[in-house]
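Readers should treat all values here as calculations from the given coordinates under stated rules, not as data from a laboratory. The shown structure was predicted, so the numbers you read here are calculated from the model rather than taken from an experiment. A quick note on method: Cβ atoms are made from the backbone with ideal geometry, for glycine too, and the neighbour counts reach across all protein chains shown.
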Amino acid sequence: MTKSRIFFNIEKEIKWLNEMSSNGYRLTNKNCFSYVFEVCEPNKYIYQVEKRSFISKAEDEDYIDFLNNLNIRLINSQFGWFYFEKDNDGKKFEIFTDPSSKIKQYKKLIGALIIISIFSTVMITNCLTSPPGSRGPYIFNLSFPLICNPLAILACIVTCTKYAIQIKKLFQEKSSRIALAILLDFS
């Protein structure tokens, strides 16, 4: 079974993948906006998605080997997005467990959303400067790019704001942990 979805928020994507698993569908492939599933035992697998910065193919392979040793399998990677699966053992599946690594991940996500926003802005500008009638494709006599790109920009802004709030909370958590560690060292 193939389902097409567009996600701007990684948490919503992870939640959806895990809901699909709870309904008995295992992710087997991901290609652009299409997710390929096969029938499986409900709740047998759990998923995580990670945005990675491209450093080197060798480093990515080492990272994937490390995760394989933890029984975490790579389903697919594309454009720096990595889709991981593991058998559901009843424990929470997190790739990032400390505030610093979560902050770095959110910053990578914000960077990706900014790129999408810039691309969408360029698309809007191109449509607005092109002659009328060439701003298609048209759906219900509305220019698809002139409708979808502002919506994409809005979704990016909303999601970036949510991520910025998460980063602020994580910085506060990190500061609290450091302060507690200093207090414990003095006692």
Worksheet, complete the sentence: Those residues of region 25-59 which are touching a helix residue (DSSP H, G or I) at 6+ places or on another chain (Cβ under 8 Å), charged (D, E, K, R) and under 15 Å from G80 (Cβ atoms) amount to E50, K51, R52
Worksheet entry | strands (runs of 3 or more DSSP E) wholly inside region 1-60 that include at least 1 residues being surrounded by fewer than 14 Cβ atoms within 10 Å (Cβ to Cβ) and charged (D, E, K, R) | 2-4, 34-39
Practice prompt. Looking only at region 79-101, decide whether some residue is touching a helix residue (DSSP H, G or I) at 6+ places or on another chain (Cβ under 6 Å) and over 24 Å from Y25 (Cβ atoms).
Written response: yes
